[in-house]
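Remarks on the structure that follows.
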Amino acid sequence: MGEVTPISVLFVCMGNHCRSPAAHAVAQKVAWETGHVNLAFDSAGTTGHHRGDHPHPLATAEGARRGYRVNHLGRLIHPDDFVRFDLIVAMDSSNVDDLRRLGGSIDQRTGFYRNVEPEQLQLLRRWDPYGMPGDEDVADPWGKGPEAYREMNVQTSGAFGGLGIVISIRDQQLTVMRPMPGTRTSEATSCASI
């Protein structure tokens with residue numbers, strides 16, 4: 001049996017300096033603690049303002065206080081990311097608008113996960129059990145004090161219980177949908193309706 005391709009998740013905010021590196025760090029820790037080894041994470045920004053920079057010191061400090069290692073180097077989203085990542089998880093609705101514009105509003109994914117999750121672009125707080133409709137943005141702490149970074153971490157980490165459950169369920173569905181060696185893709189895809 002061949003290697004299983006991990007489910008890939010890209011976290012995106014405007015600068016890849018505060019929110020998306022924090023979400024990336026939380027995701028890595030939650031995946032490790034829950035034994036979800038079939039996941040790959042990265043983060044990026046919709047602008048290149050902080051390309052090559054370490055995360056904001058307050059994001060790093062607040063993450064460390066909570067046991068997260070926020071150590072990602074900032075990068076700009078690349079057109080290939082729309083093909084490479086199964087899920088692109090934005091921190092706010094402005095990020096989603098930017099991503100739709102940058103990606104041409106076309107789902108470019110080619111993997112099996114496309115059959116499991118119809119929407120590639122998601123808001124992180126969609127999975128927050130305490131989030132309310134219309135309040136799905138992770139507040140941008142840029143230019144604010146430590147309290148804003150604490151709130152960002154509360155909002156970010158609050159969504160991961162729900163996201164972890166969704167990915168776990170989807171990973172099980174994905175396992176059912178993966179083709180056996182020698183099977184045509186159309187036969188494997190039809191397993192989704194079973």
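The values are calculated or read from the model by the stated rules, or taken from the named source; none is laboratory data. For clarity, every value in this text was computed on a predicted model and none was experimentally measured. Cβ atoms come from the backbone with ideal geometry, glycine included; neighbour counts cover every protein chain shown. Accessible surface areas use protein heavy atoms only, side chains included; no ligands, DNA or RNA. Shrake-Rupley method; radii C 1.70, N 1.55, O 1.52, S 1.80 Å.
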Here the relative contact order (percent) of region 1-151, from C-alpha pairs under 8 Å and at least 6 apart, is 25 percent
Sorting GLU136, GLU117, GLU147 on solvent-accessible surface, 1.4 Å probe, most exposed first, gives GLU147, GLU136, GLU117
ASP140 neighbourhood, Cβ < 10 Å, K/R = +1, D/E = -1, net charge 0
Note on region 25-96: alpha-carbon gyration tensor, axes a ≥ b ≥ c; rule is a/c under 1.5 for rounded, else prolate if a/b larger than b/c, else oblate; result oblate
Per its Cα gyration tensor (rounded if a/c is under 1.5, else prolate when a/b beats b/c, else oblate), region 1-52 is best filed as oblate
Computed from the beta carbon distance with a Förster radius of 30 Å, FRET efficiency for ARG100 and GLU147 to the nearest 0.05 stands at 0.40
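For a quick check of your reading of the filter: which GluC sites (Glu not before Pro) in region 1-79 sit in a DSSP loop and have no more than 13 other Cβ atoms within 10 Å? All intermediate terms of the calculation are to be shown ahead of the outcome.
Values: sites: GLU3, GLU33, GLU62; in loops: GLU3.
Passing sites in region 1-79 are GLU3.
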Simple spin-label estimate for GLU119/HIS54, 7 Å along Cα→Cβ, in nm, reads 3.7 nm
The set of residues whose placed amide H lies less than 5 Å from the amide H of LEU123, leaving out same-chain residues fewer than 5 positions away, is ALA90
With 0.36 nm assigned to each residue of separation and the Cα-Cα distance removed, LEU73 to GLN108 gains 10.1 nm
Residue by residue through region 126-141, the couplings from Karplus 6.51 cos²θ - 1.76 cosθ + 1.60 with θ = phi - 60°, in Hz, x for Gly and Pro, are 4, 9, 6, x, 9, x, 10, x, x, 10, 9, 8, 7, 4, 7, x
Along region 149-154, Karplus-curve 3J(HN,Hα) (6.51, -1.76, 1.60; θ = phi - 60°) to the nearest Hz, with x for Gly and Pro, reads 6, 5, 5, 4, 5, 4
Here the gain from full extension of ARG65 to ASN38, 0.36 nm per residue of separation minus their alpha-carbon distance, amounts to 7.0 nm
Computed over region 1-52, the relative contact order (Cα-Cα under 8 Å, seq sep at least six) in percent reads 51 percent
ALA159 neighbourhood, Cβ < 10 Å, K/R = +1, D/E = -1, net charge 0
Amide H neighbours of PHE11 at under 5 Å, excluding residues fewer than 5 places away on the same chain, with H built from the backbone geometry, are ASP42, SER43, ALA44, VAL89
